[in-house]
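Heads up, the thing below is written out as structure tokens.
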Amino acid sequence: MQADNQLILDHLDQPIFRLIGEVADAMNRPCFVIGGYVRDIFLHRPSKDIDIVTLGSGIELAEALAARLGKRAHLSTFRNFGTAQVKYNRRDEHLEIEFVGARKESYSHDSRKPVVEDGTLQDDQNRRDFTINALALCLNHDRWGELVDPFGGMADLERGIIRTPLDPDVTFSDDPLRMMRAIRFATQLNFQIEPETFAAIERNCSRIEIISKERIIDELGKIMRSDIPSKGFILLDECKLLPLIFPELSALKGVETVEGRGHKDNFYHTLAVLDNVALRSQNEWLRWAALLHDIGKPRTKRYDARLGWTFHNHNYVGEKMIPGIFRRMKLPLNDKMKYVQKLVGLHMRPIVLAEEVVTDSAVRRLLFDAGDDIDDLMILCESDITSKNREKVKRFLDNFELVRTKLREIEEKDSIRNMKLPIRGEEIMETFGLPPSRPVGEILSAIKEAILDGKIPNEHEPARQFMLETAAAMGLQPVAK
Ligand code: ATP
Ligand code: MG
């Protein structure tokens, strides 16, 4: 790619860049905007984080800039790292500008924390992870807008290539997080990883062990939020990182055949479901539910001469596996996890429904169990139909449409989504003079079943009548008041 000079000049034509350039000129310092921000100019991606590199102290330059900006700026310095940050608000614009002095890094084997010394711009570019992330634009007056691209980063941007600036074995071994970043960028930007770079990831994959779970999940989250998240997981599998960071997902791979009968490969099926969900929803946690919906399959797989391959209760087993996976991967152990568990546990229900005659009472039960997450559950289930058999797909989707129609009808009739029973335990105890005990629970659940079955409406009077009849059948009489 020929650097588009006009694009660069247009982009730099902002008061903040002019001011940084002026301050640097006054200090007689070479100064560049570098890294992701420059890459994103050429990719036409919006970007708010600006990285500035200068020769000498980045902190001094940040201090000088903050002094010029006055009240509009907030300066933080990190002396241990030799970096500083200026936060700056102008009208409705909010910018975060990081300052660092150009540095040279050398690594020891057991840590991703390098020994750092002052260096040249070229040294600083050498320590960057990929050629497309090493581009720099000069902000000094004499060289305003000059692109410094020592590794052919522009050509790689043009061709859509992820490649390390130096020997990839050194780059990845120095900081193995870069392996995750390579795959994340390939997924986010829909780029290819250059073969030598990819081969080096495979050779260095075991080095991932020195990277914290938090950093790994950060990258996985960015993969999950991409347009076609499967791309990242296929790359993770091909370079052998997947079993190291996500063994349960890796275990879905493969097809076993007994007596000439095979089952589908649950890894590729899962990825197809994930992409289907990603097409329909931006909800990251719905995407996690898609990724994990069949995670219980390897543990429940059986071969039966009559039935063939079965995965009985894989949804419940999967639901139970989720807290362990979330804890280990440092995903949040909160209502997001509960939501993923719920969807995984329920993901077979609409499918079973769609295979049968769709009765009102089955739809009511589904609505009661799914509550507010019913629409997400339906998206997951429709996405789960990945069969190649067109007739089968059509039959399922038609039946799902029927389930959806019934869901709408029933919801209008009685609000089951967030149903509260019209009778409470206290009323039962009072009426029959009972302490908290099993019969109370039995009467309550009989009332719930009757409402879900459509035998009685979700209202107090009919429910009270039903309570009296149920209790009578159990040999209980109301006590006189
Ligand atoms: P994004 O902001 O989308 O995550 P980015 O490329 O801007 O992408 P940042 O983490 O913001 O990534 O880092 C800014 C720049 O710092 C990168 O473009 C790259 O030049 C450099 N960088 C970040 N992390 C690393 C790393 N682990 N190894 C080498 N260089 C890195
Ligand atoms: Mg960034």
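Computed values, structure above
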quantity: GLU409, GLU391, GLU427, ranked by accessible area, largest first (probe 1.4 Å); calculated: GLU391, GLU409, GLU427
quantity: Accessible surface, 1.4 Å probe, highest first, among residues PHE17, PHE198, PHE368; calculated: PHE368, PHE198, PHE17
quantity: Protein accessible area in the chain, 1.4 Å probe - carbon and sulfur %; calculated: 49
quantity: In the range 321-409, trypsin sites (Lys or Arg not before Pro) in a DSSP loop with at most 13 other beta-carbon atoms within 10 Å; calculated: LYS388
quantity: Approximate spin-label separation LYS420-ASP49, in nm, with each point projected 7 Å along Cα-to-Cβ; calculated: 4.5
quantity: Ratio of Rg to Rh over the range 160-245 (Cα coordinates, Kirkwood Rh, two decimals); calculated: 0.92
quantity: Heavy atoms of LEU380: accessible area, 1.4 Å probe, square angstrom to 10; calculated: 0
quantity: Three principal axis lengths of the range 1-138 [C-alpha, angstrom, descending]; calculated: 47, 38, 27
quantity: Label point at VAL479 placed 7 Å out along Cα→Cβ; residues across the range 423-438 whose backbone nitrogen lies under 14 Å; calculated: 426-437
quantity: Accessible area in square angstrom per residue, the range 425-473, 1.4 angstrom probe; calculated: 52
quantity: Cβ-placed point charges (K, R +1; D, E -1), dipole of the chain about Cα centre in debye, nearest 20; calculated: 1040
quantity: For the chain, alpha-carbon Rg relative to the globular expectation (2.2 N^0.38 Å, N residues); calculated: 1.30
quantity: Solvent-accessible heavy-atom area per residue, rounded to whole Å², over the range 75-128 at 1.4 Å; calculated: 61
quantity: MRE, 222 nm, helices only [DSSP H, n ≥ 4, -39500 (n - 2.57), over the chain, to nearest 500]; calculated: -15500 deg cm²/dmol
quantity: Cβ-based charge dipole, the chain, positive-most Cα from ILE16, LEU157, ILE351; calculated: ILE351
quantity: Rounded to 10°, Cα long-axis angle of helix 390-413 versus longest principal axis of the chain; calculated: 70
quantity: Per residue convex hull volume, Cα atoms of the range 26-105, in Å³; calculated: 104
quantity: Label-point gap, in nm, between LYS240 and GLU442 - each point 7 angstrom along Cα→Cβ; calculated: 6.2
quantity: For the range 425-473, fraction of C-alpha pairs farther apart than 15 Å, in %; calculated: 38
quantity: Inter-centroid distance (Cα atoms) of the range 38-106 relative to the range 226-299, Å; calculated: 40
quantity: Inter-label distance, nm, simple model (7 Å from Cα along the C-beta direction), ILE456/GLN14; calculated: 6.5
quantity: Normalised contact order of the chain, rounded percent, pairs of Cα under 8 Å and 6 or more residues apart; calculated: 8
quantity: Solvent accessible area, Å² - TYR303, 1.4 Å probe, full protein context; calculated: 60
quantity: Two-decimal Rg to Rh for the range 157-196 - Kirkwood Rh, Cα set; calculated: 0.96
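The values are calculated or read from the model by the stated rules, or taken from the named source; none is laboratory data. Keep in mind the model is a prediction, meaning the values are calculated, not measured. Neighbour counts are summed over all protein chains in view; Cβ atoms, including those assigned to glycine, are modelled from backbone coordinates with ideal geometry. For accessibility, only protein heavy atoms count, side chains too; no ligands or nucleic acids. Shrake-Rupley method; radii C 1.70, N 1.55, O 1.52, S 1.80 Å.
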